[in-house]
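The values are calculated or read from the model by the stated rules, or taken from the named source; none is laboratory data. Note that the structure is predicted; figures quoted are calculated from it, not measured. Neighbour counts are summed over all protein chains in view; Cβ atoms, including those assigned to glycine, are modelled from backbone coordinates with ideal geometry. For the accessible areas, the whole protein counts, side chains as well, though only heavy atoms, and no ligand, DNA or RNA atoms are used. Shrake-Rupley method; radii C 1.70, N 1.55, O 1.52, S 1.80 Å.
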Amino acid sequence: QVQLVESGGGLVHPGDSLRLSCAASGRTSITYTMGWFRQAPGKEREFVAAIVAGSTVYGDSVKGRFTISRDNGKNTVYLQMNSLKSEDTAVYYCAARYGSIVVTSKYAYPYWGQGTQVTVSS
C-alpha cells in the first residue's frame, strides 16, 4: 500500500507561481512512477506530469510552464507551476503506480492522494 498526501495549493493571480508537494509513505521506491493529475469542475481528470528514474513526461497544456521533480530521500514529489493561467484552476491530485515506464492514463494509477485545490483568479 502507498499513501499520498498533497499540500501547497491555494489562491493565486494569473502569472504567479506555486509549488505543490506530495509526500509518499508505505511501499514506495524509486521504481514507482509518480504523477500529477488535475480535475476542473465538470471535466475529466487530466494528466499533468509524471516522473520515474529521472524521466519526465508532461501534458501538452503545461509543457514549458510546469516542472515535476522528486526527492527520493524525502519520498516527496514536487510540481513547480509557473506562469499560471485561469485555466489551470483545478483540484490537483498526486498518484503513484509501480513500474518504471511513464504512463499518462489515470486508470493505470492505483494510488491517489486526496487532492489540493489550486485557484488562479484575478
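Points worth noting:
- Within the option set SER86, SER55, being hydroxyl-bearing (Ser, Thr, Tyr) and either at pLDDT 95 or above or crowded, with 20+ Cβ neighbours inside 10 Å (or both) holds for one residue only, SER86.
- Test: LEU20 is closer than 17 Å to SER121 by Cα, touching an Asp or Glu at 6+ places or on another chain (Cβ under 9 Å), in contact (Cβ under 8 Å) with a residue 40 or more places away in the chain and open to solvent by less than 60 Å² (accessible area, probe 1.4 Å): no
- ARG97, sole failed condition from (1) closer than 14 Å to GLY113 by Cα; (2) crowded, with 19+ Cβ neighbours inside 10 Å; (3) at pLDDT 95 or above: (3)
- Test: residue in the range 40-52 that is in contact (Cβ under 8 Å) with a residue 12 or more places away in the chain and closer than 13 Å to LEU4 by Cα: no
- Here ALA49 passes the criteria (1) touching a Leu at 6+ places or on another chain (Cβ under 6 Å); (2) outside any loop (DSSP other than H, G, I, E, B); (3) at pLDDT 95 or above except the one numbered (1).
- Selection from the range 11-24 of residues that are on the phi < 0 side of the Ramachandran plot and of a type outside the set (A, V, I, L, M): HIS13, PRO14, ASP16, SER17, ARG19, SER21, CYS22
- Residues of the range 70-103 that turn out to be more than 21 Å from PRO14 (Cα to Cα) and without any contact (Cβ under 8 Å) to a residue 60 or more places away in the chain, as a count: 8
- Only residues that are not in a loop (DSSP other than H, G, I, E, B) and not polar (S, T, N, Q) were counted across the range 99-120, and they come to 7.
- Subset of the range 29-39 (residues that are surrounded by 19 or more Cβ atoms within 10 Å (Cβ to Cβ) and either touching a residue at least 60 places away in the same chain (Cβ under 8 Å) or touching a Ser or Thr at 6+ places or on another chain (Cβ under 6 Å) (or both)): TYR32, THR33, MET34, GLY35, PHE37, ARG38
- Any hit, the range 59-71, residues being surrounded by fewer than 13 Cβ atoms within 10 Å (Cβ to Cβ) and assigned to a strand (DSSP E or B): yes
- For the range 75-83, the criterion of being in a loop (DSSP other than H, G, I, E, B) and either among the basic types (Lys, Arg) or open to solvent by less than 50 Å² (accessible area, probe 1.4 Å) (or both) is satisfied by no residue at all.
- Members of the range 30-46 that are farther than 12 Å from TYR92 by Cβ, of a type outside the set (Val, Ile, Thr) and assigned to a strand (DSSP E or B): TYR32, MET34
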